[in-house]
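The structure appears right after this line, and notes come after that.
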Amino acid sequence: MEADPNRRDGRRHGRDETEEERADRRWGDLMQEIRVAQTGVQILLGFLLTVAFTPHFQGLQQTDKTTYVVTVVLGSLATGALIGPVALHRIVAGRRIKPRAVTWASRLTFVGLILLLATLTSALFLVLRVVTHDAYVPWLVAGVLAWYLLCWFALPLWIRIRHTSGE
């Protein structure tokens, strides 16, 4: 009797699914992940867009206004990248290319997360700078950035490396 390639040490490993079924599952997973990030970036961008219309904004130093512009642009780019997979799906739906669409949507999502990271960091820097004017602001923002990097990238990569085989 031949050994089952889906079994290792008598236990089943992997999933018994076609490429299309796998693409459907991965698409559903990706959409659930995007919902969380999309909501956050859209709320943040909405608040950022209103700042320019407040009386306090006109009194900001040019450095703070420049930081604000950079933050709004980053937030807009993040929003585009995180909504992009929805538009991608709509445009290519029914064309029998879902596995490739999932790959591209995943890439857009990753870029969106990087841009969201930059937006959050820039927004935090702007707010703390305006509120405190203290020299420790860059250090505090660097600490929060390190926390984001740990939670969003270092820990998942560590788990991936530690708990997956090179198969």
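Within region 67-84, being open to solvent by 50 Å² or more (accessible area, probe 1.4 Å) and either out of contact with any Ser or Thr (no Cβ under 7 Å at 6 or more places or on another chain) or free of Cβ contacts under 8 Å to residues at least 40 places away in the same chain (or both) holds for Val69, Val73, Ser76, Leu77, Ile83. Looking at region 105-118, which of the residues that are closer than 17 Å to Gly28 by Cα and surrounded by 15 or more Cβ atoms within 10 Å (Cβ to Cβ) is nearest to the chain's Cα centre (by Cα)? That would be Thr109. Within region 17-53, the residues that satisfy the criterion of being open to solvent by less than 80 Å² (accessible area, probe 1.4 Å), part of a helix (DSSP H, G or I) and β-branched (Val, Ile, Thr) are Ile34, Thr39, Val41, Thr50, Val51.
A search for C-beta distances below 9 Å between a residue of region 131-157 that is within 15 Å of Leu116 (Cβ to Cβ) and part of a helix (DSSP H, G or I) and any residue that is open to solvent by 50 Å² or more (accessible area, probe 1.4 Å) and of a type in the set (Lys, Arg), counting only pairs 6+ apart in sequence or on different chains, returns nothing.
In summary, Ala87 fulfils each of the numbered conditions (1) open to solvent by less than 30 Å² (accessible area, probe 1.4 Å); (2) aliphatic (A, V, I, L, M); (3) under 30 Å from Thr18 (Cα atoms) with the single exception of condition (1).
The values are calculated or read from the model by the stated rules, or taken from the named source; none is laboratory data. Remember, it's a predicted structure, so these values are computed and weren't measured experimentally. Neighbour counts are summed over all protein chains in view; Cβ atoms, including those assigned to glycine, are modelled from backbone coordinates with ideal geometry. When the accessible area is computed, the model is the full protein with side chains, heavy atoms only, and any ligands, DNA or RNA have been set aside. Shrake-Rupley method; radii C 1.70, N 1.55, O 1.52, S 1.80 Å.
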